[in-house]
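Throughout, read-outs are computed from the coordinates displayed, never taken from laboratory work. In this text the structure is predicted, and so the values were computed from the model without any measurement. Don't worry about glycine lacking a Cβ; one is built from the backbone with ideal geometry, like all the others, and counts go over all protein chains shown.
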Amino acid sequence: MSDLRDVTDLYEEFGDERLPPGQTETTGFPVLSKGATPKFDREDWTFDVWGAVDERLALSYDEFRDLPSETQLQDFHCVTGWSRFDNEFTGVTFPTLAEVAGVTDDAVHVMFHSLDGYTTDLPLAACMREETMLAWGHDGEDLSADHGGPLRVVTPHRYAYKGAKWVEGVEFLTEPERGYWEKRGYSVSANPWAEERYA
Ligand SMILES: Nc1nc2c(c(=O)[nH]1)N[C@H]1C(S)=C(S)[C@@H](COP(=O)(O)O)O[C@H]1N2
Ligand SMILES: [Mo]
């Protein structure tokens, strides 16, 4: 196993406490999905990147796994009030993906697209951080299907609804658009230390 990058101290940028206000620490790992866990077919799966990029990407599962990757120790904060500390996530950082695709200067926002029809959006600046990852591994194992396998996004600096499970596409936008929960009144910025739960 390669080096572990510990980003559990990122809270220092946003607040005084590691546990954001109004959250309770849990040791389990609850599953929170708006619907059923979608089927994944390794042969048919492609991961697409499009929009404000120099090069559209359409990567097979094996091609995605060949991108430069790393393992990070991260906290996880669900907007419904639970937080899980010290998750080991393995995958590709968002800045690495952005570099491979060549994000253009007019990009300001990002939409994540998932196999279950889920979408979520974030400002580009919130994505261009080393701790925003497209992860296939959790605590040394392949990510389970219920937790978003084969591939999910993790955003330890944001509430976890920003972390699209079963992610299959990243769209770079020149104007902000709203994702599934964001259209339904949840915060676009979603900073847990400012308790940005609702818009
Ligand atoms: N595709 C997809 N991603 C999703 C969701 C979902 O319903 N579909 N739920 C979100 C919410 S609200 C949370 S809290 C986390 C939960 O991740 P977990 O089930 O691994 O705990 O996934 C987020 N990503
Ligand atoms: Mo959530």
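Details
- For Glu175, Glu63, the sequence from fewest to most other C-beta atoms within 10 Å is Glu175, Glu63.
- Stretched out straight at 0.36 nm per residue, the stretch from Asp41 to Leu67 would grow longer than its current Cα-Cα span by 7.4 nm.
- Length gained when the stretch Glu99-Arg18 is fully extended (0.36 nm per residue, less Cα-Cα span): 26.1 nm
- Sparse-neighbourhood loop sites, trypsin sites (Lys or Arg not before Pro) in segment 133-199 - DSSP loop, at most 13 other Cβ within 10 angstrom: Arg184
- One chain, two ends: Asp139 and Ala58. Fully extended at 0.36 nm per residue, the span grows by 26.4 nm beyond their Cα-Cα distance.
- Tensor-based shape of segment 1-95 (alpha-carbon gyration tensor, a/c under 1.5 rounded, otherwise prolate or oblate): prolate
- Using distinct alpha-carbon pairs, which all enter the 1/r mean, Kirkwood radius of segment 119-199 in Å: 13.2
- Intensity falloff of the chain expressed as log10 I(q)/I(0), Debye formula with alpha-carbon point scatterers, at q = 0.16 Å⁻¹: -1.03
- Mean ellipticity per residue at 222 nm, deg cm²/dmol - from DSSP H runs of n ≥ 4 across the chain, formula -39500 (n - 2.57): -2000 deg cm²/dmol
- One Cα centroid belongs to segment 156-187, the other to segment 69-134; the line between them spans 9 Å.
- On the beta carbon distance between Thr174 and Lys34, with R0 = 22 Å, the FRET formula returns roughly 0.20.
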